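Below is one structure; the comments refer to it alone.
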Amino acid sequence: MFGPAMDERVTRVGPRTPGGKLMRRYWIPIAPYSQFDDNPVRVLGANLVLSKDNGGKLAQGTATATESTPG
């Protein structure tokens, strides 16, 4: 079991945190292909839009600050 300082260190996943740097080294499943749409999702502190083009090819974009994001 970790102490409070170590808990804080490993549970924060922002871009410049130790936990975030570690998590960004690995592939992380986000959603099944069938659930991809143009709604923003929050993954490791980043707002992303995951979608499919007309041909079914996957695309990823970064959500802007003016777009609504899930809580």
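Here are a few things to note about the model shown:
- Residue check for A59: assigned to a strand (DSSP E or B), exposed (fewer than 12 other Cβ atoms within 10 Å of the Cβ) and either small (G, A, S) or at pLDDT 75 or above (or both): yes
- Applying the set (1) in a loop (DSSP other than H, G, I, E, B); (2) at pLDDT 80 or above; (3) loosely packed, with under 13 Cβ neighbours inside 10 Å to A31 leaves exactly one unmet item: (2).
- Count of residues meeting criterion [touching a helix residue (DSSP H, G or I) at 6+ places or on another chain (Cβ under 7 Å) and closer than 19 Å to R42 by Cβ] in the stretch 11-31: 5
- Hits in the stretch 34-53 - residues which are in a loop (DSSP other than H, G, I, E, B) and modelled with pLDDT under 80: F36, D37, D38, N39, D53
The values are calculated or read from the model by the stated rules, or taken from the named source; none is laboratory data. All values reported here derive from a predicted model rather than from experimental measurement. We place every Cβ from the backbone using ideal geometry, glycine too, and count neighbours over all the protein chains shown.
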